[in-house]
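Have a look at the structure below before the remarks.
The values are calculated or read from the model by the stated rules, or taken from the named source; none is laboratory data. Quantities reported herein were computed from a predicted structural model and do not represent experimental measurements. Cβ: placed from backbone, ideal geometry, glycine included. Neighbour counts: every protein chain shown. Quick note on the areas: whole protein, heavy atoms, side chains included, nothing else; ligands and nucleic acids left out. Shrake-Rupley method; radii C 1.70, N 1.55, O 1.52, S 1.80 Å.
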Amino acid sequence: ECLGQIKDEIADECGLPRGIKVYATGSDKACETVGLGALSKDIGAISYGTASTIEVSNQKYHEPEKFLPAYPAAVPNWYNMDVQIYRGYWMLTWFSREFAHELVNEAKIQEMAVEEILNSKLWTIPPGSDGLVLQPYWGPGLSRPLAKGAIIGFSDVHTMEHLYRAIIEGIAYALREGLEGIEKSQKHKVKRLMISGGGSQSDVICQITSDVFGLPVSRVQTFETTSLGAAIATFVAVGVYSSVEEAMSKMSRISSTFQPNQVAHKQYNYLYRKVYLKMFPQLKDVYKDIKKFDKKEF
């Protein structure tokens, strides 16, 4: 909806044309989901940003996890079930800063992001990172506020590149766990995934995601789908398009799709079921003791 109009004196001060209207659209993740064209309970929308999320839209209200509410979508009468990994792809920046100093310098020389160099090395590490499994709770979660990050399975074969890939796989495991909670709540299986955010620019990250979930993963023409979703909502508001569905079909288009490699999916499924899902239940009492230590309660 139109909220109003920028005051003439403000427009003049900012160098903007007078008469610009201001529209309300939706929250960042809600717009991101619309920008992906993921307005369906059949589609999961993954955001690989600083905070990584998986979101499913539904016209019925369902909680993604017990006591965790769904959010209003950018579209009236829709809800977004959202599970967030608070630190998400911030962890790649953390990893680069703490463990990849030489590559950071190389990236500066080549005038590229260090993540691009690291992502190019992901192909050299097999699915499952030779048994290295990471739980990506470098920041507190809403449903597991005491949880900490954990990495298990280290051996003498592991390298810096193994750890980098294990971070990416660990985030995907956590989002898959979130999706399974959403599917249980809405009593409906998601059939495919749409992906956006900085991490979605990497082909290998998209392929890893497809292999972990065992689902097709698609990108659209831009990874900045929050801005695209806000534009879609605005074009509907001003009457360029008659509905959000029409606007999505005209303004958002799939640019590439990644199909799951069944051999890799079988490997990931094993680690996810046999290792990853057991980590938090086995470690939750340990996390409580760490919390007491942090608060000097011992």
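Does region 77-98 hold any residues that are in a helix (DSSP H, G or I), of a type outside the set (S, T, N, Q) and surrounded by 13 or more Cβ atoms within 10 Å (Cβ to Cβ), and which are they?
If the condition is that a residue be in a helix (DSSP H, G or I), of a type outside the set (S, T, N, Q) and surrounded by 13 or more Cβ atoms within 10 Å (Cβ to Cβ), then TRP90, MET91, LEU92, TRP94, PHE95 are the ones that fit.
Only a single criterion out of (1) open to solvent by less than 10 Å² (accessible area, probe 1.4 Å); (2) on the phi > 0 side of the Ramachandran plot is not satisfied by GLY4, namely (1). Does ALA74 qualify as being surrounded by 13 or more Cβ atoms within 10 Å (Cβ to Cβ) and part of a loop (DSSP other than H, G, I, E, B)? Against the criterion (surrounded by 13 or more Cβ atoms within 10 Å (Cβ to Cβ) and part of a loop (DSSP other than H, G, I, E, B)), ALA74 qualifies.
Among the residues making up region 164-203, a single one is in contact with a strand residue (DSSP E or B) (Cβ under 7 Å, 6 or more places away or on another chain), part of a helix (DSSP H, G or I) and more than 21 Å from TYR86 (Cβ to Cβ): GLN186. Assess whether LYS41 counts as being in contact with a His (Cβ under 7 Å, 6 or more places away or on another chain) and assigned to a loop (DSSP other than H, G, I, E, B). Criteria met by LYS41.
Here's the yes/no breakdown for (1) part of a helix (DSSP H, G or I); (2) of a type in the set (S, T, N, Q); (3) open to solvent by 50 Å² or more (accessible area, probe 1.4 Å):
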position: ILE205; (1), (2), (3): yes, no, no
position: GLY229; (1), (2), (3): yes, no, no
position: VAL236; (1), (2), (3): yes, no, no
position: GLU246; (1), (2), (3): yes, no, yes
position: SER255; (1), (2), (3): no, yes, yes
position: ALA264; (1), (2), (3): yes, no, no
position: LYS278; (1), (2), (3): yes, no, yes
position: ASP289; (1), (2), (3): yes, no, yes
position: LYS292; (1), (2), (3): yes, no, yes
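Contact annotation: residue pairs with Cβ atoms under 8 Å, 6 or more positions apart or on different chains, pairing a residue in region 114-142 that is crowded, with 18+ Cβ neighbours inside 10 Å with a partner that is among the polar types (S, T, N, Q) and assigned to a strand (DSSP E or B), are GLY141/GLN84.
ALA38 - would you say it is open to solvent by less than 20 Å² (accessible area, probe 1.4 Å) and either of a type outside the set (Val, Ile, Thr) or under 28 Å from SER249 (Cα atoms) (or both)? Criteria met by ALA38. When SER242, SER218 are screened for being open to solvent by 80 Å² or more (accessible area, probe 1.4 Å) and among the polar types (S, T, N, Q), only SER242 passes.
The residue that is surrounded by the most Cβ atoms within 10 Å (Cβ to Cβ), among those in region 145-202 that are of a type in the set (Lys, Arg) and closer than 18 Å to VAL275 by Cα, is ARG165.
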